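Below is one structure, written out as structure tokens, with a few remarks after it.
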Amino acid sequence: MHSLKRFSYDADCALFLKVFLGEVSEEVYKDQLRLIFDLHKLFCIMDVIHGNNGRMSKRVIRAGLRAYFGDSKGEDQLIEITKAVDVDCPGAHAEWRALFEEDPHTYNQSTFVEKIQTQLLDERVAYFRNLEDVLYTLTAWKEDCTKVGPVQVARTNPFHSVPDH
């Protein structure tokens, strides 16, 4: 436990710790993998559109990330991601494949991948904490919650909407 907390700056250790403590499910790991895979596909497509040479300008990368994430990420989060791109690939252009590679000696992921994973984990933890607060509020903070309608909870939760049928 001590080591997990000590190395929780690492996205993989942080995720393992949160799963171990029951704060999130293992599904977050699969979601992280899907997100990284989808971003890799996005970068492949952007590369084909912009010359198919494995290099893209940071301006193109930022525009692609903004388009991909849309309103789901705030400006501060997008800035963090683009700074991670700058750490991994200094300069005006990026060898974008390097953003998805592990260091062959240390087996560390790129700063870019770590930031993407960390943000997704933080978003999930915040979602579940908010959901827990909503449930406690609806049950007047009683631990013996018995009959809270899932639709009522979903309507109260700002992260999720349920149709009125």
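Measure nothing fancy, just the Cα-based angle from helix 75-88's long axis to the longest principal axis of the chain, in degrees from 0 to 90, nearest 10. Helix 75-88 sits roughly 40 degrees off the main axis of the chain. Charge tally around residue 94: other residues with Cβ under 15 Å, Lys/Arg +1 each, Asp/Glu -1 each, net +2. Angle of helix 58-69 to the longest C-alpha principal axis of the chain, folded into 0 to 90 degrees and rounded to 10: 20°. Count Lys and Arg as plus one, Asp and Glu as minus one, and take only other residues whose Cβ is under 11 Å from that of residue 56; the net charge is then +3.
Please rank 44, 89, fewest neighbouring Cβ atoms within 10 Å first, as an exposure proxy.
The order, fewest Cβ neighbours first, is 44, 89.
In degrees, nearest 10, range 0 to 90: what is the angle between the Cα axis of helix 27-49 and the longest Cα principal axis of the chain? The angle comes out near 30 degrees. Taking Cβ atoms as reference points and 12 Å as the exclusive limit, the residues near residue 116 contribute a net charge of -4, counting Lys and Arg as +1 and Asp and Glu as -1. Once C-alpha pairs closer than 8 Å and six or more residues apart are averaged by separation and normalised to the residue number of segment 2-125, the relative contact order reads 26 percent. Pairs exceeding a 27 Å alpha-carbon distance, out of 18/83; 5/30; 5/142: 5/142.
Rule-based calculations on the coordinates, nothing more; no lab input. Everything numeric here is computed off the predicted structure, so don't read it as measured data. Neighbour counts are summed over all protein chains in view; Cβ atoms, including those assigned to glycine, are modelled from backbone coordinates with ideal geometry.
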